[in-house]
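So the structure is just underneath, and the comments pick up after that.
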Amino acid sequence: MDYSIILYTVIALGSVALLLAIILYGVAQKFKVYEDPRIDIVEKILPGANCGGCGFAGCRAFAEAAVKAEDLATIFCPVGGNDCMKNVAEALGKTAAEKEPMVAVIRCSGSPAHRPRTSIYDGAQSCAVMASVYAGDTGCSFGCLGRGDCTLVCDFDAIHMNPETLLPEVIDDKCTACGACVKACPKFIIELRKKGPKNRRIFVSCINKDKGGVARKACKVVCIGCGVCKKACTFDAITIENNLAYIDFNKCKLCRKCVEVCPTNAIHELNFPPKKKVEEIAPAKEPVSNA
Amino acid sequence: MSNMRISPAPHIQGKQNTRSLMRDVIIALMPALAVSICFFGWGTIIVTLTAILSCVLCEWLIQKFLLKEEPSIKDLSAIVTGLILAFNLPSNLSPLLVVLGSVVAIGVGKMTFGGLGNNPFNPALVGRVFMLISFPVQMTTWPKPTGFFTSIDAVTGATPLAIMKEGLANGMTVQEITAANPDSFSYIQMLFGQIGGSLGEISTLALLIGFGYLLFRKVITWHIPITIFATIFVFAGLLHLADSAHFVDPLFHLLTGGIMLGAIYMATDYVTSPMTKKGMVIFGIGIGVVTIIIRAFGGYPEGISFAILFMNAFVPLINRHMKPKRFGEVKKNG
Amino acid sequence: MIKTFKRGGVHPPENKISAQVAIEVFNTQDTVRIFTSQHLGVPAEPVVTKGDTVKVGQLIAKSSGFISANVHSSVSGTVTSIEAIADHMGFKKTAICIKIEGDEWEESIDRSPDIIREIKHTPEEIIQKITDAGVVGLGGATFPTNVKLSIPPGKKAEALIVNGAECEPYLTSDHRLMLEAGEQILIGMEIIRQALKIDKTYIGIETNKMDAINHLKSFTQWIKHIEIVPLKPRYPQGGEKQLIKAVTGKEVPINGLPIDTGYVVCNVGTVYSVYEAVQKNKPLIDNTVTITGKKLKTQKNYLVRVGTPMSQLIESVGGIPEGTGKIVSGGPMMGKPIANIDGPTLKGSSSILFMTEEESSRGDSSNCIRCAKCVGVCPMGLEPYLLLRLAERKMNDQLEANFVHNCIECGCCLYTCPARLPLVDYIRLGKAEVLKIMRSRK
């Protein structure tokens, strides 16, 4: 057998490879873009979800902004939370703003049992499309449309439709408060609220701004803006505007008085021990670590 | 008011749906099936039924147990696949092989990609080409079209295309081959289907009747089949004019083999053909050219299956670049 | 050869059941509720307050902003409240509610049935009168007519095209208007012709309305400047871009307006309102509304005062017929569904349509089979199947690159889709999003 063929092949291919390598190297040198090495460091610290919850187009953009920024007061990664931001700040020699851990809450409880359907929606299964057609398939023109646009945008598998209530439900431990669902909801039902100690939260689960009578006709668990909760609240945390109560989560001390007095059960408490005596719970001083 | 529907406009729907379109394709294939039964008898019936049943069953099983979704066999698309696959098989093929072909067609050709609408290649052709490559002998031993009652153990024979290819390979000229096999080269017989071949491809006339029906029902547009016919006619015609001893005339090409079946029923498969008229024309020209290249210069006597699969691969590219002319599009100067 | 536009389009069953029913005046009872926003653009500003008494034709809300229109009282009576009420889709908008007392009209309005043929106003006066009367386009978009007739600087109007195509199935209000007020419409066209200082006017009518075509041809006095163009029935011929294409063969450029090709397009209802506003001093306070449906026993073409509760119209024909699956305001191809029958009629209301259960069901959608039928019927040369996928994924750059903003939302794609995919539903969303981005870029 003629071994020279193998030799020629190796030489020919080898020289082609060498030539290409030189060209590639030259081009790479010529078009080299200087990048701050700290960007890579910061990017590695970040969770890498690329969810856009921080307001930047992905983690890389966030890292670039963090490196460039004077201080990190306005830059925060909701997914990584305080721990992640602490590390980022350390790496950059800056100080991070500490933020209360947040979670998405659904401010509507109008399940079919509470809120009878007034028409059959037959269009595309999308809240955005539905909201552009009419006010909704129930008497309440504010409530959840139940087509699950919020579940589609969640990168963390943290929000799901409950097939019985036809309402979305948030899994606290998975929710990173990136805010994607808040933006996706055409009815503005979802709000980011303080996660609270041991995930305990109290909020008005309704955004209906109709007058009491009209609202009540449409839904049994609607906020009618009666103001009983406002009177019951000793911390001045509840405001009533446009026939709707709102609990300021920075003022709320989770005493649960408002929950008891609400005539329509529109105020929800989450993750409280059932039927125990109301205990004094200290305001959230330290960030919760079990999240 | 609580029982009133609400949806965005439009509030009315046209009559065609996936099921009715598939039903129309099945109806359009019936004349060719009838001709096939006349010439090949029980063989046709057995192969066709086996193919249809195994395609439908295969799709149902995959959807029910593998994908765990609502089976969609009601849209009849599996029946169309089975029917077209059967049309591409010899009528004396063993039912076991037919089942195998169907499983490949549906399982590999269609369901792996996500079912109806997502497959890049025509499932029936995937099945056929798999069979052709795996079982070349069984797939190219065609029974002679003898008639309904005499056909169970009928003698086998080659197709006009195979005779032509073999003859040319042996150094004969077209004229010598034609003179040597006068039975196999009657255009009238080809028109009615009295020639050897896969069970559904034999009768040009019956397939053309189906074409007319599909056009009438607005199931397909003329673009793909007519461009394929025209391209084959022109390309084969040019070759014939250049060297009539070694290239057979274009009419022979059009009337034999699977050109009619392929151009009318397989190339026009919605899922695997381009979306715009411009794209369809390019697709058709491609199929025509590749078919004749394979037939005239390649190793196989028949090329349309390969040509269609080959062009299927280009469909995404064609869709990307062949955009419809937009209303109000202003031509840039130049 | 009868003209039509060339690309795309569909021809759904016409179902013009109420075509032979003469227009009848509807007597509104009790109260009317008139929205301050009955037009495209900024809502009008109310100029009456609770407790005021108003006459028919009195200005109750004044145009505010460039694209806006005056709103007039359609009845005489007392203003009971100005509040947000739900329209027929359930959206809350500001309305002026008036309790009806008697039927006292503004003195300036000429209520005689005589046809006034002499046009004695200058172009500026004509436009002013149209502005005052709050005339808006009645073809669907309710764009203020005075804005349309004020040609922007740098553009030049060459011809007026009046849309008598009424290509939507079921609708017959324009058809009846052409039969019963044919001469007034021709005079209205002459008025607009003078206002725009142009020579040529066309009126395009589909050949399924031969009686209207022949009727208009009989007014030889007016035909001098007017060409009646018979059109082959085809949807969406009434879309202004398609109408221009059908009548003149010219295409409005992408992102362009009809005026870019030198044409102004008006609906016959609008032209009639222009006649009334200029010759009779009558503001736009009533319009023709077709009440129809396959299951409906009495078909009606009503002349309805703006603000009449739809429920009154429905009661007058015997309530919602048995077997109705959907109620639509407007035609079945582009109309809006009615979710709240207590909602009042608007200036632009053209029909109340009772769709049967069977007609109205969209059916279940299945996989796209890539049949390319949507590409074939799209009159704008778009690829709806692709736009659907892009819009679902909110890929706005790609949507723009594929000209989603050229979509006229005619619905031909969804009408024809064998897989029943919600094509135009999503495309509409994507288009709105892209238009927003394009505007913000300017």
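Once Rg and the Kirkwood radius are both taken over the C-alpha atoms of region C:373-441, their ratio Rg/Rh works out to 0.95. Kindly provide log₁₀ I(q)/I(0) values, in the same order as q = 0.08, 0.12, 0.13 Å⁻¹, from the Debye equation applied to equal alpha-carbon scatterers of chain C. Per q value, in the given order, log10 I(q)/I(0) is -0.44, -1.06, -1.26. Can you classify region A:37-92 as rounded, prolate or oblate using the Cα gyration tensor, where a ≥ b ≥ c are the square roots of its eigenvalues, rounded means a/c under 1.5, and otherwise it's prolate if a/b beats b/c and oblate if not? Rounded is the answer for region A:37-92, as its axis ratio a/c remains below 1.5. Considered as an equivalent ellipsoid built on the Cα gyration tensor, region C:54-137 has semi-axes of 27, 19, 11 Å, the largest given first.
Take peptide A:26-36, look around each residue's Cβ out to 10 angstrom, count Cβ atoms belonging to other protein chains, and average those counts. Don't jump to the answer; show the numbers that get you there.
Working: counts 0, 0, 0, 0, 0, 0, 0, 0, 0, 0, 0.
Averaged over the peptide's residues, the number is 0.
Each of the peptides C:166-173, B:188-195 was scored by the mean count of other Cβ atoms within 10 Å over its residues; in descending order, highest first, they stand as C:166-173, B:188-195.
Placing unit charges on the Cβ atoms of the charged side chains and taking the dipole of region A:102-270 about its Cα centre, the candidate lying farthest along the positive direction among A:CYS206, A:LEU166, A:ALA135 is A:CYS206. For region B:218-334, the Kirkwood radius over C-alpha pairs fed into Stokes-Einstein at 20 °C and 1.002 mPa s yields D = 144 µm² per second.
For region C:261-300, what class follows from the C-alpha gyration tensor (a ≥ b ≥ c being the square roots of its eigenvalues): rounded when a/c is under 1.5, otherwise prolate if a/b is larger than b/c, else oblate? Present the calculation step by step, with values, prior to reporting the outcome.
Values: a/c = 5.17, a/b = 1.67, b/c = 3.09.
Oblate, since a/c reaches 1.5 and b/c is not below a/b.
Rounded to the nearest 20, the size of the Cβ-charge dipole of chain A about its Cα centre is 1400 debye, with Lys and Arg at +1 and Asp and Glu at -1. Volume per residue for region B:18-139 equals 89 cubic angstrom (convex hull of Cα atoms). Our analysis of region C:313-357 gives Rg over Rh at 0.93, with the two radii drawn from alpha carbon positions and Rh computed by the Kirkwood formula. What is the log10 of I(q)/I(0) for region B:194-266, computed with the Debye formula using one identical point scatterer on each Cα and no solvent, at q = 0.18, 0.24 Å⁻¹? Debye intensities relative to I(0), on a log10 scale: -0.73, -1.07. Please say if chain B is rounded, prolate or oblate, where rounded means a/c under 1.5 for a ≥ b ≥ c the square roots of the C-alpha gyration tensor eigenvalues, and otherwise the choice is prolate for a/b larger than b/c and oblate otherwise? The shape class here is oblate. Using equal-weight Cα scatterers in the Debye expression, the normalised intensity of region C:123-280 in log10 at q = 0.16 Å⁻¹ is -0.83.
Taking 60 Å as R0, compute the FRET efficiency from the Cβ-Cβ separation of A:THR151 and C:LYS197 and round it to 0.05. Present the calculation step by step, with values, prior to reporting the outcome.
Working: r = 58 Å, r/R0 = 0.97.
The calculated FRET efficiency here is 0.55.
On full extension, the segment bounded by A:LEU19 and A:LEU7 gains 2.5 nm, given 0.36 nm per residue less the C-alpha separation. Cross-link reach is defined here as a Cα-Cα straight distance under 20 Å, omitting same-chain residues fewer than 8 places apart; for C:LYS300 the aspartates and glutamates meeting it are C:GLU14, C:GLU24, C:GLU166, C:GLU168, C:ASP174, C:GLU180, C:ASP211, C:ASP286, C:GLU315, C:GLU322, C:ASP342.
In region C:97-206, Cα pairs under 8 Å separated by at least six residues give a relative contact order of 31 percent. Would you be so kind as to identify which of C:SER73, C:MET210, C:PRO379 lies farthest towards the positive end of the dipole of the protein assembly as shown, taking Lys and Arg as +1 and Asp and Glu as -1 on Cβ and the Cα centre as origin? Projecting each Cα onto the dipole axis, the largest value belongs to C:SER73.
As a test of the definition: which semi-axes, in Å, follow for region C:130-198 when you take the square root of five times each eigenvalue of its alpha carbon gyration tensor? Largest first, please.
On the way: eigenvalues 105, 41, 30 Å².
After scaling each eigenvalue by five and taking roots: 23, 14, 12 Å.
Quick one: if you take sqrt(5λ) for each eigenvalue of the C-alpha gyration tensor of chain A, what semi-axes come out, biggest first, whole angstrom?
On the way: eigenvalues 539, 139, 50 Å².
Semi-axis lengths for chain A are 52, 26, 16 Å.
Spacing of the modelled spin labels on B:TYR187 and C:GLU24, each 7 Å from Cα toward Cβ, amounts to 6.9 nm. Listed peptides C:346-356, A:51-61, B:227-237 appear in the order C:346-356, B:227-237, A:51-61 once ranked by packing, highest mean of other Cβ atoms within 10 Å at the front. Rounded to the nearest 0.05, the FRET efficiency derived from the C-beta distance between B:TRP42 and C:ARG393 at R0 = 60 Å is 0.70.
Computed from the Cα positions only, the extents of region A:104-169 along the three principal axes stand at 33, 24, 18 Å, in decreasing order. For region C:33-94, chymotrypsin sites (Phe, Trp or Tyr not before Pro) meeting the loop criterion (DSSP other than H, G, I, E, B) and having at most 12 other Cβ atoms within 10 Å: C:PHE66.
Just the projected area, averaged over all directions, of the convex hull on the alpha carbon atoms of the protein assembly as shown: how many nm²? Mind showing how you got there, number by number?
Details: hull surface 231.9 nm².
In nm², the orientation-averaged hull projection of the protein assembly as shown is 58.0.
Backbone phi angles across region A:2-19, fed through the Karplus curve with coefficients 6.51, -1.76 and 1.60 (θ = phi - 60°), yield HN-Hα couplings of 8, 6, 4, 4, 4, 4, 4, 4, 4, 5, 4, 5, x, 5, 4, 4, 4, 4 Hz in residue order; Gly and Pro are listed as x.
Residues of region C:392-423 whose accessible area, computed with a 1.4 Å probe over protein heavy atoms, drops by at least 50 Å² once all protein chains are present relative to their chain alone are C:TYR415, C:PRO418, C:ARG420.
Here C:LYS155 and C:THR122 are evaluated by their C-beta separation; at R0 = 25 Å the FRET efficiency comes out at 0.75. What the pair-distance distribution of region B:2-42 shows, using all Cα-Cα distances binned every 5 Å from zero, is 6, 16, 13, 12, 12, 10, 8, 6, 5, 6, 5, 2, 0 percent.
The values are calculated or read from the model by the stated rules, or taken from the named source; none is laboratory data. Note that the structure is a prediction, hence the values are computed from the model and not measured. Heads up, the Cβs are rebuilt from the backbone with ideal geometry, glycines too, and the neighbour counts pull from every protein chain shown. Remember, those area values only see protein heavy atoms, side chains included, never the ligands or the DNA or RNA. Shrake-Rupley method; radii C 1.70, N 1.55, O 1.52, S 1.80 Å.
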